[in-house]
Amino acid sequence: MRGRFITAIALRLETESLDEGFYALLDEQLRSAPQLLLDAPLLLDLGKVPDLTDASQLRALLEELRARKLHVFGVENASDAQRPLAKELGLIPVLVGRDAPVEKTGGDRRRKIEKLLPPENILLTEPVRSGQVVVAERGDLTVIGSVSSGAELVASGNIHVYGTLRGRAFAGVYGDETARIFCQRQAAELLAIAGIYRTSESIGDDMRDQCLQVFLKDDGLKLEAVT
């Protein structure tokens, strides 16, 4: 058995009215980001619809999503009533990253990686091609070159890209909130640190094609140009 890092898209339902208007908005989103969403593994985020327990309604939703080549495999933030229903429909409950911090319950929420083994930083001197996944499980990941769309960089520490960063970058994947992402030119599909992430749609055009650093501050993911 080998561990694998995968990227899944979360579809957050904010209404129980899954009518034609809902699917029209979904189709518009699919047209706006076809490379990111086509054939994507998909999670249903049910956190805002705890009373959505109609099996026929959820089954119809799955059929509509799969007809759009979205591969639904699980649910997150499901209520106690929704979990057995999800199991009946062949979906698994999973714990995933977040795009907002969890509520503090007292004390320092910052987590540190236990350094039971010496760090192993990885240095790549060639570009990372589409479809490649590069993982630095115990250290930083540095790429001397560009990262293509569809590629993934994963590191327990920092990520450095001396070129154009397309694709997806996940730093501090074991909870290190001090980790950072650095790139010479930003054109990423997704940026994440310690499970808090932003997609290309939420990054903003002002940060595109910029030399920048990405870090956590005030419980959010911040992008800052480096001049």
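Structure summary
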quantity: Where Ala86 falls short, out of the listed (1) more than 18 Å from Phe22 (Cα to Cα); (2) open to solvent by 20 Å² or more (accessible area, probe 1.4 Å); calculated: (2)
quantity: Those residues of segment 159-182 which are under 20 Å from Pro119 (Cβ atoms) and either out of contact with any strand residue (DSSP E or B) (no Cβ under 6 Å at 6 or more places or on another chain) or of a type in the set (A, V, I, L, M) (or both), in sequence order; calculated: Ile159, Val161, Ala169, Ala171, Val173, Tyr174, Asp176, Thr178, Ala179, Ile181
quantity: Condition met for Thr199 (β-branched (Val, Ile, Thr), free of Cβ contacts under 8 Å to residues at least 40 places away in the same chain and open to solvent by 10 Å² or more (accessible area, probe 1.4 Å)); calculated: no
quantity: Of all residues making up segment 77-116, the number that are over 20 Å from Gly172 (Cβ atoms) and at pLDDT 55 or above; calculated: 17
quantity: Cβ pairs under 6 Å, 6+ apart, first in segment 112-140 and farther than 16 Å from Thr178 by Cβ and of a type in the set (Val, Ile, Thr), second modelled with pLDDT of 75 or more and open to solvent by 100 Å² or more (accessible area, probe 1.4 Å); calculated: none
quantity: Failed criterion for Leu191 (all others in (1) within 16 Å of the chain's Cα centre (by Cα); (2) part of a loop (DSSP other than H, G, I, E, B) hold); calculated: (2)
quantity: In segment 26-60, the residues that are at pLDDT 85 or above and of a type in the set (A, V, I, L, M, F, W, C); calculated: Leu42, Leu43, Leu44, Leu46, Val49, Leu52, Ala55, Leu58, Ala60
quantity: Contacts under 7 angstrom Cβ, first residue in segment 61-81 being on the phi < 0 side of the Ramachandran plot, partner of a type in the set (Asp, Glu) and exposed (fewer than 15 other Cβ atoms within 10 Å of the Cβ), 6 or more apart; calculated: His71/Asp39
quantity: Residues of segment 209-227 classified as polar (S, T, N, Q), assigned to a loop (DSSP other than H, G, I, E, B) and touching a residue at least 24 places away in the same chain (Cβ under 8 Å), total; calculated: 1
quantity: Qualifying residue in segment 143-165 (condition: of a type in the set (S, T, N, Q), within 27 Å of Ser32 (Cα to Cα) and out of contact with any Ser or Thr (no Cβ under 7 Å at 6 or more places or on another chain)); calculated: no
quantity: Hey, Arg185 in a strand (DSSP E or B), surrounded by fewer than 20 Cβ atoms within 10 Å (Cβ to Cβ), in contact with a strand residue (DSSP E or B) (Cβ under 6 Å, 6 or more places away or on another chain) and among the basic types (Lys, Arg) or not; calculated: yes
quantity: Pair list, Cβ < 7 Å and 6+ apart or interchain, from segment 30-56 residues that are under 18 Å from Leu89 (Cβ atoms) and open to solvent by less than 40 Å² (accessible area, probe 1.4 Å) to residues that are modelled with pLDDT under 75 and in a loop (DSSP other than H, G, I, E, B); calculated: Leu42/Ala8; Leu43/Ala8; Leu43/Val96
quantity: Every residue from segment 211-227 that is of a type outside the set (Phe, Trp, Tyr) and either under 16 Å from Asn158 (Cβ atoms) or surrounded by 19 or more Cβ atoms within 10 Å (Cβ to Cβ) (or both); calculated: Cys211, Leu212, Gln213, Val214, Leu216, Lys217, Leu221, Lys222, Leu223, Glu224, Val226
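The values are calculated or read from the model by the stated rules, or taken from the named source; none is laboratory data. All values derive from a computational prediction rather than experimental measurement. A quick note on method: Cβ atoms are made from the backbone with ideal geometry, for glycine too, and the neighbour counts reach across all protein chains shown. Note: areas computed on protein heavy atoms with side chains; ligands, DNA, RNA excluded. Shrake-Rupley method; radii C 1.70, N 1.55, O 1.52, S 1.80 Å.
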